[in-house]
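I have placed the structure first, in the form of structure tokens, so that the comments after it can refer back to it.
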Protein chains: 2
Amino acid sequence: MSVLVVGSVGYDTVSTPVASGKDLLGGSATYFSLSASRFTEVSLVAVVGKDFREAHLKLLGDHKVDTSGLEVAEGKTFRWSGRYRHEDVNSRDTLDTQLNVFAGFKPKLRPEHRRKDYLFLANIDPVLQMEVLGQMERRPKLVGMDTMNFWIEGKRDALAKVIGSVDVVFMDEGEVRSYARESNLVKAARAIMGQGPKTVVAKRGEHGVLLVTKDSVFAAPAFPLDTVVDPTGAGDTFAGGFMGYLASTGNLSHRGFRRATVLGSVMGSFVVESLSADRLLSLDYDALQSRFRAFTALTSFEELKAGEGLPWRGRNGRFEKGTK
Amino acid sequence: MSVLVVGSVGYDTVSTPVASGKDLLGGSATYFSLSASRFTEVSLVAVVGKDFREAHLKLLGDHKVDTSGLEVAEGKTFRWSGRYRHEDVNSRDTLDTQLNVFAGFKPKLRPEHRRKDYLFLANIDPVLQMEVLGQMERRPKLVGMDTMNFWIEGKRDALAKVIGSVDVVFMDEGEVRSYARESNLVKAARAIMGQGPKTVVAKRGEHGVLLVTKDSVFAAPAFPLDTVVDPTGAGDTFAGGFMGYLASTGNLSHRGFRRATVLGSVMGSFVVESLSADRLLSLDYDALQSRFRAFTALTSFEELKAGEGLPWRGRNGRFEKGTK
């Protein structure tokens, strides 16, 4: 199955403690696509200006991203500029945002895009997210969405409509709390689920993600890296790996969602190793599999086998090896 | 095997978003002991004043903590008062600290305590930590220590001596970074290990812990709770479960350390469910085992089986199910 993503494509100027770059290829739909395209077919809907470089269009095509939905409008491409104080994505200052052609973005889906079974509504105006959903010929099998504090604070009602219409909500943990007006993260996620979505993915930056479903919570750490070059795009790359894996396997079971979470985390761990999405471009299967295994090693411990117990000392002081 | 802990016993006045209490039994050695005593014999060395209540002495004894090393000195018991802005232990403000008899604390170990095989140096003046270690008849099998920013900033040289003499360092993640003067957590932990310890446990509050050893990193999340009543003592309770488990099983292998980390996390998840250490007092084996299993469920996902591969799409666009 293939995935449709609607979001931003733009140029980022980034400075981190270890690297910096100007007019780097960025945007939520870019990161999402380059991640998801490693697992499945992906079509991107976004807008760029006349200054968007041919080389970047070619780059997306070379990596098997369908860019037939990438509109080229009069004007300049969206630009964002930011600085990271630490390695963590949560410690960034936005220095400048120029919406440019993105300000007039009115996504209009091509007929073949309206039939996609997997849809990701990246972080754009919730009114547009809803319009995109309305343009689908039929309800996709799985709809994911992301958003940000700007919309939580400024367009709460429109956002609530989108949230009520999707399956999976991706938000930073602070946004989950802020939207739900509840400081306890699991309770906040469940409050969001009360509005419709069956799954909430709370992104915790360098602390990983919490996947909350009706009956279960899954905590995945971030893969610890020796050097984080540029945290930009980690969340969208995560979502791309997550949705791309699900679309590729069609496994929407609980186990499928957990694996998707790990694969999303693995993809996110790669993208932050370079400026822009460079590391995704050079990624090969061996590196992916090897890091998936390393992720297993990072999180695994000996569980209790049937009949095995933990050591325990009763209040009478007697040592009892629990064996129930 | 049994554990010796040297630290503080005191009275805490605590206010959190959901509860508050005055002159609650607290202190690092208290939390550590009440946690470790569920798994092994534990002896506590600390000082209290004449105002320390008989009921609390009895409580420790009832829970099989050896209090023969608890000195009762002229004066008042150590008191700490703090307020939590959120549920997380890392968001607390200290309102008041009265050292009282703790200011003159000079731990002098009884002969039977000098032969203990497991030693935990809770967060006290590193000069005293070193003196305690010097009083041991022989090097214990395993020595753990905790510290805080106050000593990192104020007694760095003395602290470095202690760190160079122990096996396991427990620190908040911010303290790991600050002591190592390195913002990357894994690099910072390895820098500390370069000074002697074979293991660093970086405590991340509501985000769990990172166990760093020579060849491996283990990330354990915190158990997500619907309500955190009082985060006080979570770190010492973690260390008590960790050291208590190791002392009980004698399993100092890599796998033993990972299980100890999980059991420490489980114990920490209980203690924050009530004010003071109340929840530890009522804990039974079934609750422990059940949460250990829940912790397994929280973190487990389907790993790659031998011969199984992840979905992968080559740069030529061909779908290849990886099967190496």
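What the table shows:
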{"item": "Above-threshold pairs, the threshold being 29 Å between Cα atoms, out of B:50/B:108; A:321/B:76; A:76/A:108; A:141/B:321", "result": "A:321/B:76"}
{"item": "Cβ charges +1 (Lys, Arg) and -1 (Asp, Glu), total dipole of the protein assembly as shown, debye", "result": "1160 debye"}
{"item": "Angle between chain A longest axis and helix A:285-299 axis [Cα atoms, degrees, rounded to 10]", "result": "40 degrees"}
{"item": "Antiparallel content of DSSP bridges confined to chain A, in %, to 5", "result": "40 percent"}
{"item": "Antiparallel %, DSSP beta bridges [both residues in the protein assembly as shown], to 5", "result": "40 percent"}
{"item": "Inter-label distance, nm, simple model (7 Å from Cα along the C-beta direction), residue B:53/residue B:95", "result": "1.8 nm"}
{"item": "Hz values of 3J(HN,Hα) by residue in the stretch A:54-59 - Karplus curve (6.51, -1.76, 1.60), Gly and Pro given as x", "result": "3, 4, 6, 5, 5, 4"}
{"item": "With eigenvalues of the C-alpha gyration tensor scaled by 5 and rooted, the stretch B:3-321, Å", "result": "34, 23, 19"}
{"item": "Two-decimal Rg/Rh across the stretch A:211-324, once Rg and the Kirkwood Rh are taken from alpha-carbon atoms", "result": "1.15"}
{"item": "Dipole of the stretch A:3-321, positive end: most advanced residue of A:32, A:142, A:196 [Cβ charges, Cα centre]", "result": "A:196"}
{"item": "Label-point separation, residue B:282 to residue B:297 (7 Å along Cα→Cβ), nm", "result": "2.2 nm"}
{"item": "With Cα atoms, 0 to 90° folded angle of helix A:234-249 axis to chain A main axis", "result": "80 degrees"}
{"item": "For chain A: relative contact order, % (alpha-carbon pairs under 8 angstrom, 6 or more apart)", "result": "17 percent"}
{"item": "Positive dipole terminus of the protein assembly as shown, leading residue within B:276, A:154, A:288 (C-beta point charges)", "result": "A:288"}
{"item": "Most positive-pole-ward Cα, A:300, A:91, A:130, against dipole of chain A from beta carbon charges", "result": "A:300"}
{"item": "Rg over Rh, two decimals, the stretch B:53-105 (C-alpha only, Kirkwood Rh)", "result": "1.08"}
{"item": "In order through the stretch A:67-79: 3J(HN,Hα) via Karplus (6.51 cos²θ - 1.76 cosθ + 1.60), integer Hz, x for Gly, Pro", "result": "9, 5, x, 8, 7, 10, 10, 4, x, 9, 5, 3, 9"}
{"item": "Cα-derived Rg to Rh of the protein assembly as shown, Kirkwood definition", "result": "1.02"}
{"item": "Geometric extent, Cα atoms of the stretch A:94-187 - Rg, Dmax (angstrom)", "result": "14.3, 43"}
{"item": "Assigned charges on the beta-carbon of Lys, Arg, Asp, Glu; the stretch B:237-324 dipole about Cα centre (debye)", "result": "680 debye"}
{"item": "Inter-chain Cβ neighbour average for residues B:221-229, partner chain, 10 Å", "result": "4"}
{"item": "Positive minus negative residues near residue A:301 (Lys, Arg vs Asp, Glu; Cβ under 13 Å)", "result": "+2"}
{"item": "Max mean-square fluctuation residue, GNM over chain A, Cα-Cα springs under 10 Å, options A:45, A:266, A:18", "result": "A:18"}
{"item": "Nearby aspartates and glutamates by direct alpha-carbon distance to residue A:116 (threshold 13 angstrom, same-chain neighbours under 8 apart not counted)", "result": "A:41, A:66, A:137"}
{"item": "Electrostatic dipole magnitude of the stretch A:3-321 [Cβ: Lys, Arg +1; Asp, Glu -1; Cα centre; debye, to 20]", "result": "1080 debye"}
{"item": "Estimated [θ] at 222 nm from DSSP helical runs (n ≥ 4, -39500 (n - 2.57)) normalised by residues in chain B, nearest 500", "result": "-10500 deg cm²/dmol"}
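The numbers here are math on the coordinates, done by the rules we state, and not lab data. Predicted, not measured: the structure shown is a model, and the values here were computed from it. Virtual Cβ from ideal backbone geometry, glycine too; neighbours counted across all protein chains shown.
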